[in-house]
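Working notes for the structure below.
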Amino acid sequence: MNIFKDFQKNIEGIILSLSESGKLPKGLDLGNITAEAPRDASHGDIATNAAMVLVKQANMKPRDIAELIAASLREIDDVDNVEIAGPGFINIRLNDAFIQNQVSSIIEQGIDYGRSDYGKAEKVNVEYVSVNPTGPLHVGHCRGAVFGDALATLLDHVGYDVTREYYINDAGGQIDVLARSTYIRYLEALGEKIDEIPEGLYPGKYLIPVGKALAKTYGDKWKGKDESVWLYTIRAFATNAMMGLIREDLETLGIRHEIFFSELTLHENGGIDKALEHLKEKGLIYTGVLEAPKGKLPDDWEERPQTLFKSTLFGDDVDRALKKSDGSWTYFAADVAYHSDKVDRGFNKMIDVWGADHGGYVKRVQSAVKALSDGKAELDVRLCQMVKLLRSGDPAKMSKRSGNFVTLRDIVEEVGKDVVRFIMLTRKNDASLDFDFAKVTEQSKDNPVFYVQYGHARVSSVLKKAAEAFSGMDVSDKALMTADLSLLSDESELQLIKTMANWPRVVESAAIAHEPHRISYYLYDLASEFHTLWSKGNDRLDLRFIIDDNEALTFSRLAMIKAFSKIIAAGLNILGVEPVEEM
């Protein structure tokens, strides 16, 4: 149950009734009306801008409109009071019984509380990670991987039909470099002495087992042969090995993609020609000369005719080249074909998660999507900033077993999957993030993952102690739903329940904004209210969760904190973090 959405429907219904009665004009546009939690809790539980939205349409004073709406709102059984603030904002205060009854609703729905059909089963393609298959994932890839996975889960939670996809960049020059690097390890496996990996090749030790596997499979077949003989085969062999390594790295974070799409297939199956022919038919491809880049010219710059896409017609800064001077396709041409394939698969809603260094590439790909779909499809690109590794505030030093970077697996093995996932979602994706090994493992309020997990563990502990204190007490969900919730009358208890009841709205707004970090923020705030209530019980015995001489009140409070734990579990589930029973 989303109480804010329900009240928004009530408000819209009231306005329609007022229109039918002639008190308000008919045909009013209600699209911008909202019902949300007031910024200041002292103003009430729900605030609406309805009167302000209708001012121009109704040609009435906002307070006059507000008075009409408020009069009808006061007749709703669940409403305790309605006030008009400022020029015409309406603040609604709900009665205690309505707030208290949210507890049983939360327990009944469990971790599904907050799910909705907002997305109406619309297909969404979330593409994330998509790292060049040239080695293991490093810490820079970690943030985008976690962000994309949590966003996909979040969208699923509100009713979208989500496809998780990985785009394998297996057609560029870096794959040839991978093949040559693997060939060196292949020769090494055959007994040749390798003093130092040549400059420009990948030096990581992760290629040693790949070289050994090649030697085992092919023997000395490729030894001493010209590159043109072995390059294609070893390139495919090494790419498959690296994708296996990447899948294993992702598995350590609990990340699994449904589709792995190969860029190479676009080149081999004519996918690029097909997509560009589609644009050509629309009159969007021409031969022209681009202006020189602003600032210092690249060494290889030359003014020459090129095959160009009219991306400026769709919001880009300049038209974009589709072919290189040697006649081969640009990276952009392959990206056009890839997103054309997404459109052909029925995805009108696409989300790509990229590294921050790809920021200059966003407009051109978005323009291609608009052109390919005749404006029907939309592409949202989410850029993830890099992560700075620290130890007690100083730059972190790690083994760098990969050769020249810190791997994702190094970090997960040191602090655990749940810590990595939660911390990666404690900042907005485009904001910088510090990952301090000392802070993310300390047991304090300053460590959000500990603070939230501790709240869930505390509930488990209280339930066990209550079962011991009151012999035979049934603390199952079914039993707790029968608790007398009217006993939850302290203001701090009511406030905790109100915050819990805000969960469905938080989930939906986070999904709409494509911002899963809002979930971690909410969980921390909710846990903070719970821990504060726990601490109050240390000072006031009447606020403790277990009251030895009052079984009924204890039972009601157990229901309240069980509902709390359900929401914590639901939120952690979206983040991909396991709720713990004890710490």
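Just so it is clear, none of the values below were taken in a lab; they were calculated from the coordinates. Computed from a prediction, not measured in an experiment: that's the story for all the values here. Neighbour counts run over all protein chains shown; Cβ positions are idealised from the backbone, glycine included.
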### Message
Only four residue types carry charge here, +1 at the Cβ of Lys and Arg and -1 at the Cβ of Asp and Glu. Report the dipole size of region 3-94 about the Cα centre in Debye, rounded to the nearest 20.
### Response
380 debye
### Contour excess over end-to-end distance, with Cα ends at D195 and K282 and 0.36 nm allotted per residue
25.7 nm
### Message
Net charge within 15 Å of K9 by Cβ-Cβ distance, Lys/Arg positive one each and Asp/Glu negative one each, not counting K9 itself?
### Response
-4
### Task
Taking the Cα centre of region 484-583 as origin, sum charge times position over the Cβ atoms of Lys and Arg (+1) and Asp and Glu (-1), and report the length of that vector in debye to the nearest 20.
340 debye
### Message
Among A483, I568, L541, which residue has its Cα furthest toward the positive end of the charge dipole of region 444-575, with +1 on Lys/Arg Cβ and -1 on Asp/Glu Cβ?
### Response
I568
## Note on the structure
Residue separation between D344 and S42 times 0.36 nm, minus their alpha-carbon distance, gives in nm 103.6 nm
### Query
Among D273, D539, D484, what is the fewest-to-most ranking by other Cβ atoms within 10 Å?
D539, D484, D273
### Query
Which number gives the lysine pairs in region 444-575 that have C-alpha atoms under 14 Å apart and are eight or more places apart or on different chains?
4
### Query
Where in region 224-256 are there chymotrypsin sites (Phe, Trp or Tyr not before Pro) that are in a DSSP coil and have at most 13 other Cβ atoms within 10 angstrom of their Cβ?
none
#### Entry: Net charge, D317 excluded, C-beta distance under 10 Å - Lys, Arg +1, Asp, Glu -1
+1
### Message
Compute the angle between helix 62-73 and the longest alpha-carbon principal axis of the chain, please, reported from 0 to 90 degrees and rounded to the nearest 10.
### Response
70 degrees
### D112-S528 FRET efficiency (beta carbon distance; Förster radius 25 Å; 0.05 resolution)
0.55
### Förster radius 56 Å - calculated FRET efficiency between E258 and S489, Cβ distance, rounded to 0.05
0.70
### Separation in nanometres of the label points that stand 7 Å from Cα toward Cβ, at D6 and T265
4.6 nm
### Task
Working from Cα positions, state the angle (0 to 90°, nearest 10) between the long axis of helix 227-252 and the longest principal axis of the chain.
20 degrees
### Summary
By Cβ neighbour count within 10 Å, fewest first, K280, K439, K193 rank K193, K280, K439
### Task
Just flag the GluC sites (Glu not before Pro) in region 252-351 sitting in loop per DSSP whose Cβ has no more than 16 other Cβ atoms within 10 Å.
E258, E291, E302, E303
### Task
Excluding residues on the same chain fewer than 8 positions from K282, give the lysines whose Cα lies under 27 Å from its Cα.
K123, K274, K310, K323, K324, K342, K349, K363, K370, K376
### Query
Which ³J(HN,Hα) values in Hz, rounded to whole numbers, follow from the phi angles of region 532-549 under the Karplus curve 6.51 cos²θ - 1.76 cosθ + 1.60, where θ = phi - 60° and Gly and Pro get x?
5, 5, 4, 5, 4, x, 6, 9, 10, 4, 6, 9, 5, 6, 10, 10, 4, 9
### Query
Can you list the lysines whose alpha carbon is less than 22 Å from that of K225, not counting same-chain residues fewer than 8 positions off?
K193, K212, K216
### Query
Of N91, V452, P293, which is farthest on the positive side of the dipole of the chain, counting Cα position, with +1 on Lys and Arg Cβ, -1 on Asp and Glu Cβ, and the Cα centre as origin?
P293
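Does region 322-381 come out rounded, prolate or oblate, given a ≥ b ≥ c as the square roots of the eigenvalues of its C-alpha gyration tensor, rounded meaning a/c under 1.5 and, failing that, prolate meaning a/b above b/c? Please list the in-between numbers first.
Working: a/c = 2.17, a/b = 1.31, b/c = 1.66.
Note, shape of region 322-381 comes out oblate.
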### Cut-off 14 Å between beta-carbons: net charge of the residues surrounding D195, Lys and Arg +1, Asp and Glu -1
-2
#### Entry: Ascending count of other beta-carbon atoms within 10 Å, so fewest first, for K310, K464, K26
K26, K464, K310
### Estimated distance in nm for a label pair at S328 and E413, the labels positioned 7 Å out from Cα along Cα-to-Cβ
3.5 nm
## Note on the structure
From the Cα centre of region 84-135 to that of region 1-37, the distance in Å is 20 Å
#### Entry: Span from the region 500-533 Cα centroid across to the region 367-384 one, whole angstrom
29 Å
### Query
Relative to the Cα centre, what is the charge dipole magnitude of the chain, using +1 at the beta carbon of each Lys and Arg, -1 at the beta carbon of each Asp and Glu, and rounding to the nearest 20 debye?
1060 debye
## Note on the structure
Computed over the chain, the relative contact order (Cα-Cα under 8 Å, seq sep at least six) in percent reads 17 percent
### Task
Report the FRET efficiency, 1/(1 + (r/R0)^6), for N59 and E303, where r is their Cβ-Cβ distance and R0 is 51 Å, rounded to 0.05.
0.25
### Query
For a label point 7 angstrom out from the Cα of N95 toward its Cβ, which stretches of region 1-41 have the backbone nitrogen within less than 16 Å?
none
### Message
Distance between the C-alpha centers of region 296-365 and region 250-264? Whole Å please.
### Response
24 Å
### Three-way shape label, the chain, alpha-carbon gyration tensor, a/c 1.5
oblate
### Task
Quick one: angle between helix 362-372 and the longest Cα principal axis of the chain, in degrees between 0 and 90, rounded to 10, please.
90 degrees
### Message
Could you tell me the relative contact order of region 179-312? Use alpha-carbon pairs under 8 Å, at least six residues apart, and round to a whole percent.
### Response
17 percent
### Message
Suppose each label sits 7 Å from its Cα in the direction of the beta carbon; what would the E582-E551 distance come out to in nanometres?
### Response
2.6 nm
### Task
Using DSSP, restrict attention to beta bridges with both residues in the chain and report what percent are antiparallel, rounded to the nearest 5.
45 percent
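Given 0.36 nm per residue, what is the gain on full extension from E83 to I208 after removing their alpha carbon distance, in nm?
37.8 nm
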